[in-house]
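Below: the structure, in structure tokens.
Read-outs throughout are calculated quantities, based only on the coordinates presented, and are distinct from any laboratory measurement. What you see is a predicted model; the values in this text were computed from it and never measured. No Cβ is skipped: glycine too gets one built from the backbone with ideal geometry, and neighbour counts run over all protein chains shown.
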Amino acid sequence: MTQIYDRVALIGLGLIASSMFWSMKRGGLAGHVTGYARSAETRETARRIGLCDTVTDSVQDAVKDADLVVLAVPVGVMGQIAAEIAPHLKPGATVTDVGSVKAQVISDVAPHIPDGVHFVPAHPLAGTEHSGPESGFATLFDNRWCLVVPPEGSDPEAVETLSRFWHGLGSNVDRMDAEHHDLVLAVTSHCPHLIAYTMVGVADDLRRVTDSEVIKFSAAGFRDFTRIAASDPTMWRDVFLTNKDATLEILGRFTEELFALQRAIRQGDGVLLHDYFTRTRAIRRGIIEAGQDTAAPNFGRSG
């Protein structure tokens with residue numbers, strides 16, 4: 001793999017940024033990587049584990065002379081960070097992000113990007129329930145999708161270079177417009193997370209089922225919900241507040257489907273239930289055939 005950017009700056013040093021660093025090192029994609037996090041503790045941890053070639057104590061120092069600046073912070077603060085770094089960006093540099101919401105991020109960040117600097121948003125569809133600088137690993141993006149979401153009028157060369165960079169990190173790359181991205185992600189990620197949070201919350205509220213029973217007798221379905229519901233609360237709060245319209249649309253549809261299933265159960269309509277579950281099972285098969293999960297039983301769990 002050949003070097004794509006001479007200098008890369010990672011703003012925010014959690015799971016995605018740390019995985020990007022280890023993957024860049026694996027592939028030789030960047031000459032020098034600087035990193036910055038608001039928390040002094042996070043910066044100290046990054047230095048201790050060798051995360052980034054240089055960890056700076058100011059965001060301005062991190063982006064100085066960078067050819068690629070990656071905003072890997074919660075989507076709710078991306079506009080604020082963009083305003084802070086704007087005067088310090090190198091002409092010709094590319095600013096990108098890894099946020100799970102795109103329309104709002106473009107609206108918040110784009111006004112701060114100076115003339116001569118390219119803004120090319122992106123979203124790697126990869127992650128775990130863990131967060132923080134020590135959670136990253138080089139293979140996180142392998143055979144996962146990264147959606148590149150260039151705003152209208154984006155520089156084609158900057159978009160192509162960022163796409164090659166994500167290929168180098170191991171990702172499959174596709175392009176999408178921001179509104180469609182946000183609707184797709186509301187279906188595939190945002191609403192499932194909200195449902196998981198809700199189900200775990202229901203278990204917590206249902207005092208007839210004790211905490212010890214919930215923990216001791218968790219079947220695979222509930223265990224998967226708790227894994228999803230363990231995700232970073234700040235990140236997910238911001239996702240729902242910034243992807244409000246698409247999330248509410250999908251939740252409305254979900255509620256209608258749920259009422260239909262409730263009615264089928266109440267009326268003993270086994271045919272409807274069987275047909276519904278047969279249709280949803282086919283979607284699972286499609287995910288496995290696309291290489292986005294494995295059919296191995298108990299995947300991802302040691303017990």
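Computed values, structure above
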quantity	calculated
Close Lys-Lys pairs in the chain, where close means Cα under 30 Å and separation is 8 or more or interchain	7
Burial ordering of Ile250, Ile287, fewest other beta-carbon atoms within 10 Å first	Ile287, Ile250
Cα centre as origin, Lys/Arg/Asp/Glu Cβ charges: the range 1-145 dipole, Debye	220 debye
About the Cα centre, charge dipole magnitude for the range 133-204 (Lys/Arg +1, Asp/Glu -1 at Cβ), debye	260 debye
Mean separation of Cα contacts under 8 Å, 6 or more apart, over the residue count of the chain: relative contact order %	16 percent
Per-residue Cβ neighbour rank within 10 angstrom, fewest leading, Met20, Met176	Met176, Met20
Trypsin sites (Lys or Arg not before Pro) within the range 144-191: DSSP coil, no more than 12 neighbouring Cβ in 10 Å	none
The chain: Rg to Rh, with Rh as the Kirkwood radius over Cα pairs	1.01
Cα long-axis angle, helix 220-229 against the chain (0 to 90 degrees, to the nearest 10)	40 degrees
Inter-label distance, nm, simple model (7 Å from Cα along the C-beta direction), Glu179/Ser135	3.3 nm
Dipole in debye (nearest 20) - the range 180-289, about Cα centre, beta carbon charges: Lys, Arg +1; Asp, Glu -1	360 debye
Ratio of Rg to Rh over the range 103-154 (Cα coordinates, Kirkwood Rh, two decimals)	1.07
Computed over the range 180-289: relative contact order in percent, which uses C-alpha pairs under 8 Å that are six or more apart	33 percent
Residue (of Gly168, Phe217, Val202) at the positive-pole extreme of the range 158-230, dipole from beta-carbon charges	Phe217
Around Val101: net Lys/Arg minus Asp/Glu count, Cβ-Cβ under 13 Å	-3
Neighbour-count order for Thr2, Thr56, fewest beta carbons within 10 angstrom listed first	Thr2, Thr56
log10 of Debye I(q)/I(0), alpha-carbon scatterers only, for the range 138-266 at 0.10, 0.14, 0.16, 0.17 Å⁻¹	-0.49, -0.84, -1.01, -1.08
Rg ratio (alpha-carbon, reference 2.2 N^0.38 Å) - the range 5-176	0.92
Angle between the chain longest axis and helix 40-49 axis [Cα atoms, degrees, rounded to 10]	80 degrees
Stretchable slack from Glu84 to Ala220, in nm (0.36 nm times residue separation minus alpha-carbon distance)	44.5 nm
Positive-pole candidate from Phe277, Ile287, Ala230, dipole of the range 180-289, charges at beta carbon	Phe277
Positive dipole terminus of the chain, leading residue within Gly153, Leu185, Thr255 (C-beta point charges)	Thr255
Counted charge near Phe137, where neighbours are those whose Cβ lies closer than 12 Å (Asp, Glu -1; Lys, Arg +1)	0
